[in-house]
Amino acid sequence: AQSVAQPEDQVNVAEGNPLTVKCTYSVSGNPYLFWYVQYPNRGLQFLLKYITGDNLVKGSYGFEAEFNKSQTSFHLKKPSALVSDSALYFCAVSRTTDSWGKLQFGAGTQVVVTP
Amino acid sequence: DGGITQSPKYLFRKEGQNVTLSCEQNLNHDAMYWYRQDPGQGLRLIYYSQIVNDFQKGDIAEGYSVSREKKESFPLTVTSAQKNPTAFYLCASGRTTEAFFGQGTRLTVV
């Protein structure tokens, strides 16, 4: 069975500092990994995905993620955080390749960026 | 604009009543999904449909029902059998390698 773990309930960072949100996964077969962001009382916005290819994936709003097969990790990063990056972040893995929206989500990590 | 529309944004229901949440998409996606979000638990899959007139149960289908009579529409009914219906409900549609989410419906049982 596929699973995703986000070990931190909350990450606090000062504006301008690097931001990292951690994600580890457990899948059978090739992992198809995603990051989404959610603002209060809103739906999820897609940030980036890893399907195949380069281990460093670049996404929306200056975010990137590094796929590490040996450590089964897919950490989300941003070199310089903004106050507007404060939101709830979800890591997810696709459970099948014939239905890409059938996702297994982590519990989410609340990011708080202080001015 | 293309996208996924969920309505209403907020919904209140009395215990023992059924209620239907609307989800419409104009992205021409074949697949559609319903997720439930509770604090600290991430999103859990309720039902999904990969094609019109066909749908499958997800991880927490008990107390819910769906229909898929049109490609654009995938309504979710929360029945009185659902023990803890108060939650945030998200609809999504999918294409190759990506899923798009609606803005959600917050259901509160009063």
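The values are calculated or read from the model by the stated rules, or taken from the named source; none is laboratory data. This structure is a prediction, so every number in the text was calculated from the model and none was measured. Heads up, the Cβs are rebuilt from the backbone with ideal geometry, glycines too, and the neighbour counts pull from every protein chain shown.
So, restricting to strands (runs of 3 or more DSSP E) that lie completely within the range A:36-115, which ones have at least 3 residues that are of a type in the set (Phe, Trp, Tyr)? Walk me through how you get there before you give the answer.
Details: elements: A:44-50, A:56-58, A:64-68, A:73-78, A:87-94, A:103-105, A:109-114.
Where strands (runs of 3 or more DSSP E) fall fully within the range A:36-115, none carries at least 3 residues being of a type in the set (Phe, Trp, Tyr).
Table: residues versus (1) closer than 20 Å to B:PRO39 by Cα; (2) among the acidic types (Asp, Glu); (3) at pLDDT below 95; (4) in contact with a strand residue (DSSP E or B) (Cβ under 8 Å, 6 or more places away or on another chain).
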residue: A:GLN10; (1), (2), (3), (4): yes, no, no, yes
residue: A:THR20; (1), (2), (3), (4): no, no, no, yes
residue: A:ALA81; (1), (2), (3), (4): no, no, no, yes
residue: A:ASP85; (1), (2), (3), (4): yes, yes, no, yes
residue: A:SER99; (1), (2), (3), (4): no, no, yes, yes
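Any residue at all in the range B:30-43 that is away from every other protein chain (no Cβ under 14 Å) and exposed (fewer than 15 other Cβ atoms within 10 Å of the Cβ)?
Keep residues of the range B:30-43 that are away from every other protein chain (no Cβ under 14 Å), which gives none.
No: the range B:30-43 contains no residue that is away from every other protein chain (no Cβ under 14 Å) and exposed (fewer than 15 other Cβ atoms within 10 Å of the Cβ).
Assuming B:SER65 fulfils every condition listed in (1) polar (S, T, N, Q); (2) within 14 Å of chain A (Cβ to nearest Cβ); (3) surrounded by 15 or more Cβ atoms within 10 Å (Cβ to Cβ) apart from one, which condition is it?
(2)
Residues that are of a type in the set (Ser, Thr, Tyr), at least 1 per element: which strands (runs of 3 or more DSSP E) completely within the range B:51-110 meet that?
On the way: elements: B:54-57, B:64-66, B:76-78, B:87-95, B:98-101, B:105-109.
Because the criterion is at least 1 residues that are of a type in the set (Ser, Thr, Tyr), the strands (runs of 3 or more DSSP E) in the range B:51-110 that meet it are B:64-66, B:76-78, B:87-95, B:105-109.
Just for the range A:52-106: of the residues that are among the basic types (Lys, Arg) and more than 10 Å from chain B (Cβ to nearest Cβ), which one is surrounded by the most Cβ atoms within 10 Å (Cβ to Cβ)? Quick ask: steps written out before the conclusion?
Our first condition is that a residue be among the basic types (Lys, Arg); within the range A:52-106, this holds for A:58, A:69, A:77-78, A:95, A:102.
Now narrow it down to the ones that are more than 10 Å from chain B (Cβ to nearest Cβ): A:58, A:69, A:77-78.
Working: A:LYS58: 10, A:LYS69: 10, A:LYS77: 16, A:LYS78: 22.
The residue in question is A:LYS78.
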